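Read the structure below first, then the notes.
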Amino acid sequence: MFLTDLHDSLRDCQRCRLASGRTQVVFGTGNPEASIMFVGEAPGFHEDQQGIPFVGAAGNLLTELLESAGLGRDHVYIANVIKCRPPENRNPMPDEVETCKPFLLEQIQIINPQLVCSLGNFATQTLLGKKVGISKVHGQPLPLPGFLLFPLFHPAAALHQGTLLPTLREDFQKLKQLLDEMATTPRDTSIATQPAQMDLF
Ligand code: URA
């Protein structure tokens, strides 16, 4: 399946309660052939209005952080776990995550990135399938079947809690280093058969 087919199949999605409050489904943006993907939580007000992930204040910070790692928004692919805006930007409910997760996994399978950066607890826990705190795992690559997961604090969290911002900036420099290393090493397909480093948790 192409990414555009998956997007088209979701435009009128009615699978969960979020359908009634959204302006539009916010599917994803960027390069569909990117080797690096960023996954956030759910669209906010501006994302819901414009149909593009990370275009509000957190998005502006993400763009700046990407640039600090030598990346432009058009080099990467950006999506969310949840494709529709939760009312009043509340946290996604477990059944909403379960309903939307297969479409994120399909998106990842189609794009086939080498590296997936999860932004914040929701994306990290959804992709790991494990309730682990972002404070414990941020800034370290974790091999998952098919890709390397690189958890990062959510830019919105760093905007609310300024003390997280220096750590987030440092983690983007670690990401830059990792990308440099990956550029000179062929893709390790054996990662697909390695279990995640669960001993870290
Ligand atoms: N926060 C997210 O997690 N995703 C967005 O698209 C915007 C803000």
>> Out of everything in the stretch 31-49 that is more than 6 Å from the ligand (Cβ to nearest atom) and touching a Pro at 6+ places or on another chain (Cβ under 8 Å), what residue ends up being nearest to Ala156 (Cα to Cα)?
In response: Met37
>> Residue under question is Arg22, and the condition is that it be away from the ligand (no atom under 14 Å from the Cβ), under 22 Å from Arg90 (Cβ atoms) and more than 18 Å from the chain's Cα centre (by Cα); does it hold?
In response: no
>> When the residues of the stretch 116-170 are narrowed to those that are crowded, with 21+ Cβ neighbours inside 10 Å and small (Gly, Ala, Ser), which ends up farthest from Glu33 (Cα to Cα)?
In response: Ala158
>> All but one of (1) away from the ligand (no atom under 16 Å from the Cβ); (2) over 21 Å from Thr126 (Cβ atoms); (3) within 17 Å of the chain's Cα centre (by Cα); (4) in contact (Cβ under 8 Å) with a residue 60 or more places away in the chain hold for Phe2; state the number of the condition that does not hold.
In response: (3)
> Is one or more of the residues making up the stretch 31-42 of a type in the set (Asp, Glu), surrounded by fewer than 22 Cβ atoms within 10 Å (Cβ to Cβ) and under 19 Å from Leu179 (Cβ atoms)?
Replying inline: yes
> For Val137, all conditions in the list (1) within 13 Å of the chain's Cα centre (by Cα); (2) in contact (Cβ under 8 Å) with a residue 12 or more places away in the chain hold save one; what is the number of the exception?
Replying inline: (1)
> Among the numbered criteria (1) surrounded by fewer than 16 Cβ atoms within 10 Å (Cβ to Cβ); (2) free of Cβ contacts under 8 Å to residues at least 24 places away in the same chain, which single criterion is violated by Val55?
Replying inline: (1)
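Results for (1) at pLDDT 95 or above; (2) within 16 Å of the ligand (Cβ to nearest atom), shown as yes or no for each residue.
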{"position": "Glu88", "(1), (2)": "yes, yes"}
{"position": "Glu96", "(1), (2)": "yes, yes"}
{"position": "Ile110", "(1), (2)": "yes, no"}
{"position": "Asn121", "(1), (2)": "yes, yes"}
{"position": "Leu168", "(1), (2)": "yes, yes"}
{"position": "Phe172", "(1), (2)": "yes, no"}
{"position": "Thr185", "(1), (2)": "no, no"}
{"position": "Thr193", "(1), (2)": "no, no"}
> Can you name the condition, by its number, that Ile52 falls short on among (1) within 13 Å of the ligand (Cβ to nearest atom); (2) closer than 17 Å to His154 by Cβ?
Replying inline: (2)
> For the stretch 10-18, does any single residue satisfy the condition of being part of a loop (DSSP other than H, G, I, E, B), hydrophobic (A, V, I, L, M, F, W, C) and within 15 Å of the ligand (Cβ to nearest atom)?
Replying inline: no
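The values are calculated or read from the model by the stated rules, or taken from the named source; none is laboratory data. Please read all numbers here as calculations on a predicted model, not as lab measurements. For neighbour counting, all protein chains shown are included, and Cβ atoms are generated from backbone atoms with ideal geometry for every residue, glycine included.
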